[in-house]
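Comments concern the structure below.
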Amino acid sequence: MKIRSKAPLRLGLAGGGTDLDSYCNAHTGLVLNSTISLYVHCTIEETDDDKVVFEALDIDEKLVLDSDLKYEINGKMDLFKGVYNRIIENYVKEPLSFKLTTYSDIASGSGLGGSSTLVVSIIKCFAEWLSLPLGDYDIAILAYEIEREDIKIVGGAQDMYSATFGGFNFMEFYDQKRVIVNPLRIKNNIINELEASLVLFFTNTTRSASQIEDEKRRLLKKKKSLDAMHLIKKDAIKMKESVLKGDVESISKIIGNSWFNKKIVSKSVSNDYIDKVYDLAVKNGAKSGKVCGAGGGGFMFFMVDPLKKNQLIKVLNGLKYGKVINFKFIKEGTTSWKIH
């Protein structure tokens, strides 16, 4: 028997960074994001050879282990081992034998929440295989604890919740890991207009989000960075209203403001190439844009008049590095199924 799962990546529209514990524990974080039609996929094949095999096809990594109750977190496929350790400790209580294979539709470290989405997809696959009693909030907080506490990768919490719940969500982040996910009912014509007005561009570079987020943690002790983060949080409230109303002009302005303030929080979110791409996009019809996720590389997205979109795509695809990626907004979060 095989078990498969997939979890969607996300586009952060406003409030990104306020979900870091260094901010939300003291000030409450607010984020608005939506899942898109790019996924992290997982397959589990049950075996009886007392082995555990982890394989990540997209990054060409493979690890073969003897079945055990717990594996050392040592830099080798730690996300895989981290999920396994928790599944055994919390639910199964005995070693398992299986092969677990994953792949992502986009490169890891690209700003769409890839590592957290990977963890969610793996948890969902185990839950389907072992019939574990895990609801959406259970999966999301377990993914958060594995990545942020067990493996100690610095970052926020929005990615785990977006990958699990799916759709457009306005999220509230409080202290003590308390999160409230508010699904937004967005009319189809608004979603269609948003899709028509957005261009998603991969810079062909990846980066360590953990390092950038760790720097943000330190910088938030400075008043200038903290004040900029407060403005980013206010943008999330404005974005919720604008998205619900379908006010695309307002959405464009908010994205531009958020990018300006994101660069105040930390200079690491941008670089010469990102600035070059941004300026080129604006000269060719983009109203605003920003880097996805922690910044420093990965994906950027731009708001553009739909009638100027084709020209912008041509210009961006003409760059030596990077390419435009097509996507749609999707409403479904992580899902799983069995193949007999």
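The values are calculated or read from the model by the stated rules, or taken from the named source; none is laboratory data. Quick caveat, the model's predicted, so the values are computed rather than measured. Neighbour counts are summed over all protein chains in view; Cβ atoms, including those assigned to glycine, are modelled from backbone coordinates with ideal geometry.
Scan segment 57-89 residue by residue and report those that are in contact (Cβ under 8 Å) with a residue 24 or more places away in the chain and in a helix (DSSP H, G or I). Once the filter is applied, which keeps residues that are in contact (Cβ under 8 Å) with a residue 24 or more places away in the chain and in a helix (DSSP H, G or I), segment 57-89 yields ASP78, LEU79, PHE80, LYS81, GLY82, VAL83, TYR84, ASN85, ARG86, ILE87.
Being hydroxyl-bearing (Ser, Thr, Tyr) and modelled with pLDDT under 95 is a condition met by at least one residue of segment 220-228. Residue count for segment 153-174, restricted to those that are at pLDDT 95 or above and either part of a strand (DSSP E or B) or under 19 Å from SER22 (Cβ atoms) (or both): 12. Within segment 22-37, the residues that satisfy the criterion of being more than 13 Å from the chain's Cα centre (by Cα) and either without any contact (Cβ under 8 Å) to a residue 24 or more places away in the chain or under 20 Å from GLU241 (Cα atoms) (or both) are THR28, GLY29, LEU30. Restricting attention to segment 122-136, the residues that are more than 21 Å from THR101 (Cβ to Cβ) and either in a helix (DSSP H, G or I) or aromatic (Phe, Trp, Tyr) (or both) add up to 1.
Flag: LEU244 does not match the condition of being surrounded by 17 or more Cβ atoms within 10 Å (Cβ to Cβ) and either within 26 Å of SER268 (Cα to Cα) or modelled with pLDDT of 95 or more (or both). One residue stands out in segment 289-312 among those that are assigned to a helix (DSSP H, G or I) and either aliphatic (A, V, I, L, M) or touching a Lys or Arg at 6+ places or on another chain (Cβ under 7 Å) (or both): the one that is surrounded by the fewest Cβ atoms within 10 Å (Cβ to Cβ), namely LEU307. Based on what the data block shows, is ASP279 of a type outside the set (Phe, Trp, Tyr) and either surrounded by 22 or more Cβ atoms within 10 Å (Cβ to Cβ) or at pLDDT 95 or above (or both)? Yes; evaluated as a whole, the condition is true for this residue. Of all residues in segment 37-80, those satisfying the criterion of being surrounded by fewer than 19 Cβ atoms within 10 Å (Cβ to Cβ) and aliphatic (A, V, I, L, M) are VAL53, LEU57, ILE59, LEU63, VAL64, LEU65, LEU69, ILE73. The set of residues in segment 110-124 that are at negative phi, at pLDDT below 95 and in contact with a Phe, Trp or Tyr (Cβ under 8 Å, 6 or more places away or on another chain) comprises SER110, LEU112.
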